[in-house]
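**Student:** Sharing a structure with you now.
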Amino acid sequence: MMAAIDFGDIFQALPGNYIILLPDAPKFTIVSFNHARASETFTTREDIGKGIFEAFPDNPDDPAANGVAMLTASLEMVIREKQPHQMAVQKYDIPNSLDNGFEIRYWLPKNIPVLNKAGEITCIIHHVQDVTTLINAQQGEQNIRKNFEEFLNQSLSPFAVMEGPDFTFTYANAAYITLMNGRQLEGKTVLEAIPELEGQPFIQQLQQVFDTGVTYHGIEVPATAHFEGSDETTTRYFNLSYTPTRDPKGIVTGILAYAYDVTTQVEMRVKAKADELNTQAYDLFMQAPVGICIIKYDDHRILLANSPILEIWGKEASVIGKPLLEAIPEIADQGIIALLDNVKKTAVPFYANEHVVKLIRNGREETAYLNFVYQPYYEADATISGVIAIAIEVTEQVTARKKVELAEETARLAIESADLGAYDISLETDVMLTTPRFNNIWGLSGTIERSQFANAIHPDDRERRLKAHEESLATGKLFYEARIIWKDGSIHWIRIKGTVLYGPDQKPARLIGVIQDITDQRAFADELRRQVDEKTVDLKTINARLEKSNHELEQFAHVTSHDLQEPLRKIQLFSSSMADNPELSEKSLTQINKINAAAKRMSGLTKDLLEYARLSQTSPQYRPTDLNAVLQNVLSDFELVITQKKAVIKADPLEIIEAVSLQMNQLFFNLIGNALKFSKKNVAPVIAITGSMLSEKEKKGFATLLPDLEYYAIRFSDNGIGFEEEYAENIFSVFQRLHQHSEYGGYGIGLALCSRVVNNHHGVIYATGKPGEGSIFTAILPLRQQK
């Protein structure tokens, strides 16, 4: 998690001179100041709490001092209009604590209001820039101007002075006039004196210096004009310097222009190192970590584009050389072309932050947020031929911020939608802020003290509330449920949740939280508890009866199947003896054989019923069971059948699971027996037994499987006769058969027994198949049984 930003440290580290004042005119109390303020104005900690004019009065030795009056007027204007106010240069001497005197200072002040969400001024930021040195320099300038002009006229470097916003020449030395082919310069504007500069960047550069007051230094700047000794325009290169001049109030009034002709050096270096520089520039361009491209006018063709910009566009390098709208057609109606054209028209760079662009990336439309700059691209003759675009994608940052904003709004809506009330308590002052719903839940209205909420707690629950609040100071979390008594005497249940917030000294400062009316919930819970208690008694009675019934049923199944075996054996014995009588007719022999066969089927059925009944016994003893050993035992039992049918058995190594070994033997025996029994005539059976762990995604497809257990799936696939999918569930029912007994033997109990085994192990069994294409039986069992 990112550490919280300490804005106090940032304020102290600001390079400018800042002091924060209260809007309590006419005092304007000092609240805070930064380190730069302290070092430049002798402001100390003792000044905090004083009025600004108490700490910084007018210089009593200067009868013309008006600093207090001028600053007061500005601060009052800020309070009145709630807008920043930039003051002119102001003489405002400051007390010097070192000698108890005053230092003469000149300042450029600005006062900025800070508004809260309600639009009220909470404080005023007073920022000043010390211009004493500049003013002193300007005052001394006139004394040396005459000597300076004589020096400049003797200089071999061109120098000129331009005054006013239209840049009128007021002075040009001999070198400058010679450079300009001996033209008359003084009294004319730059474009009047040198009209061929129209369309070149010099006027814009002069304007920028005049507007900002920041000196411009240009290295090897190309200029095209009628220079010395030429009747035609030529291009030369200069190292330029445009320095602003100011009046006593610090306002820019003109510009000092200096030029040094470096054409020869530039041409020689360009000629010698053109290839090397081009290579280096290209490498730098292509390896830049941010997206960069060059768009040429007039068809907006992509001249160059590096990898980061191609990644932002979602395009391949093949778009280089194509018109922008052909390469990225989705931007046609997004105003991009208009922005590019405006840069050429104005020759002013365009800056954008978090600009929204719709792009087709990876085959689908995406919304991207970009920080980018469109910078004019100049040719050697200083004409604009295109735009250099520099872009950084900030989609992740913007999306993250929007998620935070959405989360905050969602939290607010959630509280309102959940019918919750919110509160905020200052633990230092005991002042409590609440929402209307909070008060409504307590049955209170109007102005409410915190003590009124505490007094509304039911007397029997007040100790619980006090204990919860004491614990919250240790744990940082508050939670309790209590009854409250409304003014009408009605009793309501509430649930309080809160969080303690700590101050810079790590002491509890605030308690924020929510309240919920749980009266209906408690009433419902009490009624539900009563009904559950009643049903629990009924359920215990029913379970006892069911247990008795199951026991009787098991006894019946055991006795029935055991007692049926004895008469069946006698029927088989006597029918076999009668069949050996040579005097029997063929019809009688056939009937006796049918009796014998029916007795055998009845005997097998009773055995299967007994086995099925045994599986219902409770509390199975699960042990680690090697399924490989189980498989080998079953295959040994079927050795003769496998040989007779020439069956092919394919088996993967299987896992060791917690199971009842005998029941696993029954499961494998019946599933493999089924695959051998329901094979195609004259086709050798091919049976594959495979196993794999069930993935989390697969597990979710079975509602009865527990999410915290691992499951193992065992699949038995064959190439037999298969079955219709509509019978996939029915085949696991007792006595359910899909084929005539004359076609395939069995009693319809084997698969039901498999289902019972899997259920005993808390698993799932299912089958899939197609007629004539075989079947797949899948048993899903826990790797370890739940404890």
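The values are calculated or read from the model by the stated rules, or taken from the named source; none is laboratory data. Bear in mind the structure is a predicted one, so any value in this text is a computation, not a measurement. Every residue, glycine as well, gets a Cβ built from its backbone with ideal geometry; the counts of neighbours run over all protein chains shown. Side chains included, ligands, DNA and RNA excluded: accessible areas come from the protein's heavy atoms. Shrake-Rupley method; radii C 1.70, N 1.55, O 1.52, S 1.80 Å.
**Student:** Would you mention how many residues in the stretch 482-497 are touching a residue at least 40 places away in the same chain (Cβ under 8 Å) and either β-branched (Val, Ile, Thr) or buried (at least 17 other Cβ atoms within 10 Å of the Cβ) (or both)?
**Tutor:** 3
**Student:** Report whether or not Ile312 is modelled with pLDDT of 90 or more, in a strand (DSSP E or B) and farther than 21 Å from Asn239 by Cα.
**Tutor:** Values: modelled with pLDDT of 90 or more: yes; in a strand (DSSP E or B): no; farther than 21 Å from Asn239 by Cα: yes.
Considered against the rule, which asks whether it is modelled with pLDDT of 90 or more, in a strand (DSSP E or B) and farther than 21 Å from Asn239 by Cα, Ile312 comes out as no.
**Student:** Looking at the stretch 371-398 only, could you name the residues that are open to solvent by 20 Å² or more (accessible area, probe 1.4 Å), out of contact with any Cys (no Cβ under 9 Å at 6 or more places or on another chain) and aliphatic (A, V, I, L, M)?
**Tutor:** Of everything in the stretch 371-398, those that are open to solvent by 20 Å² or more (accessible area, probe 1.4 Å), out of contact with any Cys (no Cβ under 9 Å at 6 or more places or on another chain) and aliphatic (A, V, I, L, M) turn out to be Val373, Ala380, Ile384, Ile392.
**Student:** Moving to a separate point now. For residues that are in a loop (DSSP other than H, G, I, E, B) and open to solvent by less than 60 Å² (accessible area, probe 1.4 Å), tally how many sit in the stretch 164-186.
**Tutor:** Adding up the residues that qualify gives 7.
**Student:** Out of the stretch 84-137, which residues are of a type in the set (Ser, Thr, Tyr), in contact (Cβ under 8 Å) with a residue 12 or more places away in the chain, within 27 Å of Asp61 (Cα to Cα) and open to solvent by 50 Å² or more (accessible area, probe 1.4 Å)?
**Tutor:** Ser97
**Student:** Oh, and also: Would you call Leu478 more than 22 Å from Asp419 (Cα to Cα) and either touching a residue at least 12 places away in the same chain (Cβ under 8 Å) or not aliphatic (A, V, I, L, M) (or both)? Outline the logic, then answer.
**Tutor:** Details: more than 22 Å from Asp419 (Cα to Cα): no; either touching a residue at least 12 places away in the same chain (Cβ under 8 Å) or not aliphatic (A, V, I, L, M) (or both): yes.
Criteria not met by Leu478.
**Student:** In the stretch 448-457, how many are open to solvent by less than 100 Å² (accessible area, probe 1.4 Å) and among the charged types (D, E, K, R)?
**Tutor:** The total comes to 1.
**Student:** Name every residue in the stretch 681-701 that is part of a helix (DSSP H, G or I) and open to solvent by 50 Å² or more (accessible area, probe 1.4 Å), in order of residue number.
**Tutor:** Result: Glu696, Lys697, Glu698.
**Student:** Residues being in contact with a helix residue (DSSP H, G or I) (Cβ under 7 Å, 6 or more places away or on another chain) and under 17 Å from Asp460 (Cα atoms): count how many of those fall in the stretch 480-516.
**Tutor:** Total satisfying the criteria: 7.
**Student:** Same structure, new question: So which residues in the stretch 46-68 are more than 16 Å from Ile94 (Cβ to Cβ) and modelled with pLDDT of 85 or more, if there are any at all?
**Tutor:** Ile48, Gly49
**Student:** I'd like to check something: does the stretch 381-393 contain any residue that is outside any strand (DSSP E or B), small (Gly, Ala, Ser) and under 24 Å from Ala327 (Cα atoms)?
**Tutor:** No, that holds for no residue.
**Student:** Moving on to the next point. Exactly one of (1) under 23 Å from Phe524 (Cβ atoms); (2) open to solvent by less than 100 Å² (accessible area, probe 1.4 Å) is unmet by Asp460. Its number?
**Tutor:** (2)
**Student:** Further question on the same structure: For the stretch 702-722: of the residues being among the acidic types (Asp, Glu) and in a loop (DSSP other than H, G, I, E, B), which is nearest to Glu658 (Cα to Cα)?
**Tutor:** Among residues in the stretch 702-722 that are among the acidic types (Asp, Glu) and in a loop (DSSP other than H, G, I, E, B), the one nearest to Glu658 (Cα to Cα) is Glu710.
**Student:** Looking only at the stretch 505-525, count every residue that is open to solvent by 80 Å² or more (accessible area, probe 1.4 Å) and closer than 19 Å to Ala482 by Cβ and tell me the total.
**Tutor:** Qualifying residue count for the region: 3.
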